[in-house]
Amino acid sequence: MSIFLEGIDMSFQPSRPYNDLPPLPPQADLETRDVLRACIAARAALAELKVSGHLIPNQAVLINSIPLLEAQASSEIENVVTTTDRLFRFANAVGNHADAATKEALRYRTALHRGFQLLKNRPVSTTIAVEVCRTITGVELDIRATPGTKLINEATGSVIYTPPEGANLLRENLSNWERYIHEVDQTDPLVRFAVMHYQFEAIHPFTDGNGRTGRVLNLLYLVDKGLLDIPVLYLSRHIIRNKPAYYDRLFAVTAKGAWEPWILYMLDAVRETAIWSSAKIIAIRDLLNETAGTIRRDRPKIYSRELAEIIFVHPYCRISDLVAAGIAKRQSASVYLKALVTLGVLEEIKAGRENLYLNPPLLQLLSDQTGPRTP
């Protein structure tokens, strides 16, 4: 196999470390007419998503929902499979009773939150990437120092890519990656977004967790560049639904220097998932307002907006959640939740020694991948 860069045929062999990974920026025309047209559409969809995000004043409602969907899909890309229901059930559980796949997906959510907080003090960087990967894997790892990392075709068992080797080389590659995403101002940030994701996956700096770390960095970069306010773009939904195309276009950049199909794929992923996420947020807002109206009308003595919101922040709600939010003391909190069960807003189940109060309409809305519900 070979790639063409600057008119030169450069050897690329999947089974050998790709230590000649070209530095950024790519020596190719990235901003073609089709790419710029796709940038406009993706940017418009992101702008609409930013507006939608402000429709729910309590941002915890969104931060505790869409990122969990992203965590589930991003983990599934790596064959770590759990359910939306299990993720929400154990999202704020005390103790460690979830199955291994659910714990791993929840670490992805934690890593996204952690990275979002780190953005307040520094831009997307190698330092943030290391912290994100450590959180995802639950291991105090660092940049790869040992050889032997290879990407294998699961169907055939053949090696399809061997990333660069050597900690010093990897750090040089990452430094170049950082400079590109922050210093090349003349290139549209969404084009850099696509290039950034390819290069990070090609560098493959960790022994584990590279794909999920790269997808967290995607969302953090969009926040970093002001294209999102909070990381609520469900980007992995598009990838999991178009997984073969994702890998085909990713490897075509390496094998053929085929940048335009890859960039168009990523821009379409941003556009499609921004539209879907906006619609989902609006549906959550409508369901929240509908639920609040029901409580206010039928249980006015216990009604507060905070009570309505807490069962959307925690679709699997506990008495302790109301206490921690300052809504009520423990005995009153129990009365409130049981009243909502009687009203039909919540469903009560027993989980070990505690009672959980489910919000079935919200869980159904969040689990539905076909499109948002009409109240």
Go through the residues of the stretch 35-48 one by one and say whether even a single one is within 16 Å of the chain's Cα centre (by Cα), closer than 21 Å to PHE200 by Cβ and part of a helix (DSSP H, G or I). yes
With the condition kept exactly as written, say whether any residue in the stretch 227-240 is over 20 Å from GLU70 (Cβ atoms) and not aliphatic (A, V, I, L, M). no
Counting only residues that are assigned to a loop (DSSP other than H, G, I, E, B) and among the basic types (Lys, Arg), how many does the stretch 53-105 have? 0
Residues located in the stretch 214-262, provided they are polar (S, T, N, Q) and within 23 Å of ALA44 (Cβ to Cβ): ASN218, SER236, ASN242
Selection within the stretch 115-151 - within 21 Å of the chain's Cα centre (by Cα) and either more than 24 Å from GLN72 (Cα to Cα) or among the acidic types (Asp, Glu) (or both): LYS120, ASN121, ARG122, PRO123, SER125, THR126, THR127, GLU131
Give the residue, chosen from ARG43, ARG86, ARG107, that is of a type in the set (Lys, Arg), surrounded by fewer than 19 Cβ atoms within 10 Å (Cβ to Cβ) and at pLDDT 90 or above. ARG43
MET266, sole failed condition from (1) modelled with pLDDT of 95 or more; (2) surrounded by fewer than 21 Cβ atoms within 10 Å (Cβ to Cβ); (3) within 25 Å of ARG37 (Cβ to Cβ): (2)
Enumeration of residues in the stretch 7-56 that are under 30 Å from ASP286 (Cβ atoms) and of a type in the set (Phe, Trp, Tyr): none
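A quick yes/no check of all residues on (1) in a strand (DSSP E or B); (2) free of Cβ contacts under 8 Å to residues at least 40 places away in the same chain; (3) in contact with a Lys or Arg (Cβ under 8 Å, 6 or more places away or on another chain); (4) surrounded by 13 or more Cβ atoms within 10 Å (Cβ to Cβ):
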site: ASP321; (1), (2), (3), (4): no, no, no, yes
site: GLY326; (1), (2), (3), (4): no, yes, no, no
site: GLN331; (1), (2), (3), (4): no, yes, no, no
site: TYR336; (1), (2), (3), (4): no, yes, no, yes
site: ALA339; (1), (2), (3), (4): no, no, yes, yes
site: THR342; (1), (2), (3), (4): no, yes, no, no
site: VAL345; (1), (2), (3), (4): no, no, no, yes
site: GLU348; (1), (2), (3), (4): yes, yes, yes, yes
site: LEU356; (1), (2), (3), (4): yes, no, yes, yes
Tell me, which helices (runs of 4 or more DSSP H) lie completely within the stretch 221-319 with 1 or more residues that are over 16 Å from the mean Cα position of the chain (by Cα)? 243-256, 259-298, 305-313
Return a yes/no flag: does the stretch 158-179 have any residue that is under 21 Å from the mean Cα position of the chain (by Cα), closer than 23 Å to ARG37 by Cα and not aromatic (Phe, Trp, Tyr). no
Scan the stretch 228-240 and tell me whether some residue there is surrounded by fewer than 21 Cβ atoms within 10 Å (Cβ to Cβ) and hydrophobic (A, V, I, L, M, F, W, C). yes
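The values are calculated or read from the model by the stated rules, or taken from the named source; none is laboratory data. Predicted model, so just to flag it, every value in this text is computed and none were measured. Every residue, glycine as well, gets a Cβ built from its backbone with ideal geometry; the counts of neighbours run over all protein chains shown.
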